[in-house]
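Contents: one structure, followed by commentary.
The values are calculated or read from the model by the stated rules, or taken from the named source; none is laboratory data. Since the model is a prediction, treat every value here as computed from it, not as a measurement. When we count neighbours, we look across all protein chains shown, and the Cβ atoms used for this are built from the backbone with ideal geometry, even at glycine.
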Amino acid sequence: MKVLLVNPEFPDTYWSFRHALPFEGTRSAFPPLGLLTVSALLPPSWERRLVDLNVQSLKSRDIEWADMVFATAMLVQKDSLREVVKRCKARGKRVVLGGPYVTTTVEELPDADHIFLGEAETTIPQFVDDLARGEAKRTYQAAERPPLSATPLAHFQLANMKRYSAMSIQYSRGCPFSCEFCDIIEIYGRVPRTKSNQQMIAEFDALRDLGWRGTVFIVDDNFIGNKKNVRLLLPEIAKWQEANGHPFSLMTESSVNLADDELLLESMRDAGFRSVFVGIETPVEESLKEAQKSQNRGNLLDSVKKIQSYGMEVMAGFIVGFDNDPEDIFERQIDFIRKSAIPLAMVGLLNALPDTQLWKRLEREGRLLGEASGNNTVCTLNFKTRMDPKLLIQGYQRIMRTIYSPREYYARALDSMRRTARIISEPQRYNPFKALASFTRIMLTLGVLDRERREFWRFFTQTLIKHRQTFVHSLRLAAMGYHFRKLNNLYGEN
């Protein structure tokens, strides 16, 4: 059996980093971990190929080679997914679909032969057995959420590592909180399940043996959801990093109450975590209560500073469009982002995702307008907002133009580096020749050709004077700022 694993294309969004990645000679931020894991669930005797449309095109000869095509997608990839299915079905191929979009969508799914809903650790082996008997069903849904001990070591070797900025692994699924807008708790549950320490170290070993050096993203939606198990894992990671010369710089996602646990912060720092994404959402307490975001308590600015003090750069998510948002919400968001020194601030318009508590509430209130696109650069709303939608969208665009204007962005980046004050040097993934090429591209584009080059040189000079130990990281931040500014052209910025 020949299986083609296809990851649909992501559109050009803030978090595609499409305008930043070329500086370092890569094409996509992360490989498709879900498909690499699916590959490991298939029989060893089957042949498999990976085609990630974010780093390469899907050629007709790839489709012709395959007996069966597996594809997955997030909501934002749905248009590309439909095109993939159309092309494969036109050539008579058996098509298998799964992933978050397929599991939660309320729209009509593409014309696939087999649909997998939810997690597939138990259903794919069942499908393989059914297929051998000629009795494969169209829909497979796990009866229960599987333990992650059933999750095999992903087939990282299928990915062309040179084309990615970072590698990704997963430690846990599920989150103990009840945020109204979140679909993670609906898909993966509110009881976090984790892999064993041995599984995680095996994944670290696999990436090391494949020659990876640099950033590894632990893709959990809340890495500290199961604090008891995380406390046992972190010392093992720290030992592994020390024994292997600290080859990986780690990043992950966490609830903001991480700031309340200094022992956990210390363990994450010692294990090599250098950045963490947290869900701030809003500085408006009434909107946090509306969103059932009970974990975001106390002074959120102090929480961010606490995490930064342990050498971890804070990235964060912000939302506008809550029913309780006041008229000055846009200025308050800008002020918080500025004071928190968060360079990479993911600000989005609130959208209701299928199966979430927000979706169900708005449906009861007769306010739903359809399924969301998943792409916040499009500036569409899928429900009737309390605030005038025109004012909401204009305010959102004003936030983005402001926080990613060069002077604002570079000031936050410098302040972030001052607060994190990293001591451990970062792993270097590039050889000297590639590092020189990346440096040259950045200097030519941002320092010579860019109309905002004066702000870049001011940032560059301050970095050399005050933050030499994080010089490489500062250039990455500059490249990301350029990406955000390019996308802000959508909002009339030149």
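The table below gives the values:
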| quantity | calculated |
| --- | --- |
| Matching residues, segment 394-405, being surrounded by 19 or more Cβ atoms within 10 Å (Cβ to Cβ) and more than 24 Å from the chain's Cα centre (by Cα) | G395 |
| Considering residues of segment 158-186 that are touching a Leu at 6+ places or on another chain (Cβ under 6 Å) and outside any loop (DSSP other than H, G, I, E, B) only, the residue surrounded by the most Cβ atoms within 10 Å (Cβ to Cβ) | M167 |
| Of all residues making up segment 308-347, the number that are over 17 Å from S416 (Cβ atoms) and either at pLDDT below 95 or among the charged types (D, E, K, R) (or both) | 6 |
| Whichever residue in segment 35-65 is assigned to a loop (DSSP other than H, G, I, E, B) and small (G, A, S) and, among such residues, is surrounded by the most Cβ atoms within 10 Å (Cβ to Cβ) | S57 |
| Elements of type helices (runs of 4 or more DSSP H) in segment 299-404, at least 2 residues being touching a Lys or Arg at 6+ places or on another chain (Cβ under 8 Å) and in contact (Cβ under 8 Å) with a residue 12 or more places away in the chain | 300-308, 329-340 |
| Residue identified as outside the structural domain of N197 (by TED's automatic domain parsing) and either at pLDDT below 95 or of a type in the set (D, E) (or both) among T104, T72, T123 | T104 |
| Residue match in segment 81-90 (condition: surrounded by fewer than 14 Cβ atoms within 10 Å (Cβ to Cβ) and over 17 Å from L158 (Cβ atoms)) | yes |
| Selection from segment 446-457 of residues that are in contact with a Phe, Trp or Tyr (Cβ under 7 Å, 6 or more places away or on another chain), surrounded by fewer than 20 Cβ atoms within 10 Å (Cβ to Cβ) and part of a helix (DSSP H, G or I) | G447 |
| Residue within segment 169-178 that is among the hydrophobic types (A, V, I, L, M, F, W, C) and farther than 25 Å from V3 by Cα present | yes |
| Criterion: modelled with pLDDT of 95 or more, of a type outside the set (S, T, N, Q) and closer than 30 Å to E363 by Cα - qualifying residue of L392, L446 | L392 |
| All positions within segment 110-134 that are over 16 Å from I187 (Cβ atoms) and either in contact (Cβ under 8 Å) with a residue 12 or more places away in the chain or hydroxyl-bearing (S, T, Y) (or both) | P110, D111, A112, D113, H114, I124, P125, Q126, F127, V128 |
| Residue check for G189: in contact with a strand residue (DSSP E or B) (Cβ under 9 Å, 6 or more places away or on another chain) and buried (at least 19 other Cβ atoms within 10 Å of the Cβ) | no |
| N296 vs. criteria at pLDDT 95 or above, within 22 Å of the chain's Cα centre (by Cα), assigned to a loop (DSSP other than H, G, I, E, B) and of a type outside the set (A, V, I, L, M) | yes |
| Elements of type helices (runs of 4 or more DSSP H) contained in segment 205-290, each with 2 or more residues being aliphatic (A, V, I, L, M) | 227-243, 262-271 |
| Any hit, segment 230-239, residues being in contact with a strand residue (DSSP E or B) (Cβ under 7 Å, 6 or more places away or on another chain), crowded, with 17+ Cβ neighbours inside 10 Å and in the same structural domain as D302 (by TED's automatic domain parsing) | no |
| Matching residues in segment 17-29 - criterion: being farther than 19 Å from L446 by Cβ and buried (at least 19 other Cβ atoms within 10 Å of the Cβ) | S28, A29 |
